[in-house]
1. Taking the Cβ of residue 111 as the centre, find all other residues whose Cβ is under 14 Å away and add up their charges (Lys, Arg: +1; Asp, Glu: -1).
2. Mean residue ellipticity at 222 nm from the helices of the chain, using -39,500 (n - 2.57) per DSSP H segment of n ≥ 4 over the full residue count, to the nearest 500 deg cm²/dmol?
3. Enumerate by residue number the GluC sites (Glu not before Pro) in segment 290-353 meeting two conditions: DSSP loop (anything except H, G, I, E, B), and at most 14 other Cβ atoms within 10 Å of the site's Cβ.
4. Rounded to the nearest 5, what is the percent of antiparallel bridges among the DSSP beta bridges in the chain?
5. Suppose every K and R has +1 on its Cβ and every D and E has -1 on its Cβ; what is the size of the dipole of segment 3-97 about the Cα centre, in Debye to the nearest 20?
6. Using the Cβ atoms and a cut-off under 13 Å, what net charge is assigned to the surroundings of residue 87, where Lys and Arg are +1 and Asp and Glu are -1?
7. Have a look at the DSSP beta bridges in segment 264-414 and tell me what percent are antiparallel, nearest 5.
8. Find me the longest stretch of the chain that has none of the exposed trypsin sites (Lys or Arg not before Pro), where exposed means in a DSSP loop (not H, G, I, E or B) with at most 11 other Cβ atoms within 10 Å.
Amino acid sequence: MNPNRPVIIAYDIISPLGLDLEEQWRRALAGESGVGPLTRFAAGENFPVKIAGQAPAIDHLPYDYLKPREQARWPSPIFKYAMLNVQRALARSGIQITPDLAPRVAITYSSAVGGLDAVLDADRKLKTSGALPLPCANPNSCINMVTGKISMLTGATGPIVSTITACATGVTSMILGAMLLAQKRADVVLCGAVDFALVEPIVAGFATMGGAFVPKEGQPDEAPQQASRPFSLHRRGFVISEGAGCIILASEEFARAHGLPHAVAIAGWSMTSDAHHFVAPHLATVQRCIRESIEQAGIAPAEIAAVNAHAASTRVGDKVEFDALRAVFGEKLPPVTANKSLIGHAMGAASAIESILAIQGMLSSQLPPTLNYQSDPEIPIDCVAEGCRKLDQRFVLKNAFGFGGCNSCVVFERLE
């Protein structure tokens, strides 16, 4: 036993597939899509994006932070969803953050986009009516306030840091948590990410930069569920979605000493920077990130049973990820699942949500399908397009790549 090895003791997700963990997993295995019409705001006829992956409402739930007075102070949805997400994961863990334990509980739970919606709303009101921003406007926009609100909710007083690596934020959060455990700066770490980026100018911006899915001009409309198509010949960009994923790590020594069940550990990880382009991934550093994470796990590439891909459905990104995987695994590339085909791209929360789906798959020996796949001759890949597949998985690789050239990869191990 490695006493400081990071083990996963609990997790929870909120995604376009639902609120309940088991329901979301059932729907993922069934190949159900959470993508639908964009209704988060009133999009005009000429607005380029018409579809999205929207998380269910939670205001009906009986939590103090969902009451009108509290929401008036924290109008950005990231706060209420993050707190619900973390509180439910903690309840699953069985951990009570007592005053004695609190200094040993760290928080790396974060966000990539944060609460920009609150500042944008304040700006609009200032311009249209001259109304000055409410005192809460600036705090809502501070990304580290998500982490801070979680510390206030839970009482955790250990190291606290907001890990922001764009779309890799969720995995980076776990990696930093593993580092804190290895350095003995914490016994427990609340990891994960939340993002609710369905805000009009943000969505429009993703469209104008060629990232978000926009239907091909002159083609008949397709069902929203068919738009997210990673690795596919007819991929046209990512479907913007929203959600939250919380993963609670603990040192193996702490978990054993406190009788906390744990069936999956972080066996290896790597982070690299492309130093190349602000959005286009770079093959050499993506490949190195994948290879180093496997090497740190102390295993050969052949021992990876499956890959949970980043797979955003962009023309360049999917091809670079495939080329990197092929360079590491050669002709023996294991099955590669692409969860964004089911839920869209939840920005910084994406890799946290997808990590949890990967863990669920390890524990149940199943792989959810990749939807909407049409074979691309440049990407000969087994992406589980036929439907749910039974597969024993001891080691799984999770990839996450973000704008700015932020690469984070982690290898999960199912404990015997």
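Quick note: the coordinates plus some simple rules give every number you see, no bench work behind them. On a predicted model such as this, the values are computed, not experimentally measured, just so you know. Cβ coordinates were reconstructed from backbone atoms using ideal geometry, including for glycine residues, and neighbour counts include every protein chain displayed.
1. Neighbourhood net charge equals -1.
2. -10000 deg cm²/dmol
3. Details: sites: 292, 295, 303, 321, 331; in loops: 331.
Taking segment 290-353 and a limit of 14 other Cβ atoms within 10 Å, the loop GluC sites (Glu not before Pro) found are 331.
4. Roughly 75 percent of the beta bridges in the chain run antiparallel, per DSSP.
5. Working: 11 positive and 9 negative charges, 47 e Å.
Charge dipole, segment 3-97, about its Cα centre: 220 debye, nearest 20.
6. Its environment carries a net charge of +2.
7. If I count the DSSP bridges inside segment 264-414, around 75 percent turn out antiparallel.
8. Numbers: sites that count: 216, 332.
No qualifying site falls inside 1-215, the longest such stretch.
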